Structures are given as C-alpha cells and as structure tokens.
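To start, the structure under review is shown below, and the notes come after it.
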Amino acid sequence: MRIQPTLNLNFGYKWNVKSAFKKGKLPSVKVDASERKLTADNATVDHIIPHSKGGRTRAENLMIATKEFNNLRGDKPLTDFVTAKGLARYLKQFADVILPDFNGNEYIKAVLKTIGGLQNG
C-alpha cells in the first residue's frame, strides 16, 4: 500500500471570534467586509495587513471573511477590495458584542486604527 502525500493549505489561524461565529454565537454577523454572505462553511480568518507583508495574527489585524474573498484578495491591499460602506457594515455587526476575551466595541476601534494606518502609511 502506498500513501499519497496531501497538501493542506490550512495555515491554522485560530481566533475565538471565528470559532464563536461558526458555533452560531454571533447572530449579528452576516457578511464580511466585501459584503459577501458569511456561513459556518465559508468563514475563515483574513488578515487586514497580510501575514506575508508583516501583518500579525492579532485581533486588530483580523477579520472574518469568506474563503472566496480571502482567496481572491490574497496578499493584496484590503483597500483595493472593500468599500467604506462594506467595511462599515462589517464592523457595525460587532457593536456591543461581548464574548470571553473579546469586546466588539474595542475590536471596531482597533480595526479602524489598523485601517487608518494603511491609508496614512
């Protein structure tokens, strides 16, 4: 018997917010920043500043995104793929969300700061 090697492209980024979403604990979250519909099957973690460009795996640099959007975007700038309206809609979903180790209002502020740094840098 010969065992065939497999290619696993799951980089293993874990984020309690994505896990909570997949378990149905974030009913207010319905779309990603590109306004694509999020489901438990298509949700993944996307870096605002891509990991390959020095982005860190921290809440202020993470978003829940569809696998389709994440693959389409790759390591290109987020600002090339989302509108201000789409980003605002995404972030608004987290207003007043409180989970263990996560405060939605603080997350919104932190993401806006990260994105502001992209536009100013």
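Descriptive notes on the structure:
- Matching residues, region 46-81, being of a type in the set (Val, Ile, Thr), touching a helix residue (DSSP H, G or I) at 6+ places or on another chain (Cβ under 8 Å) and under 12 Å from ALA33 (Cα atoms): ILE48, ILE64, THR79
- Among the residues of region 74-86, the ones that are over 12 Å from the mean Cα position of the chain (by Cα) and in a helix (DSSP H, G or I) come to 5 in all.
- Condition met for VAL17 (touching a residue at least 60 places away in the same chain (Cβ under 8 Å), in contact with a strand residue (DSSP E or B) (Cβ under 8 Å, 6 or more places away or on another chain) and assigned to a helix (DSSP H, G or I)): yes
Computed from the coordinates by the stated procedures, all read-outs in this text should not be read as laboratory data. All values reported here derive from a predicted model rather than from experimental measurement. Glycine also receives a Cβ, built like all others from the backbone with ideal geometry; neighbour counts cover every protein chain displayed.
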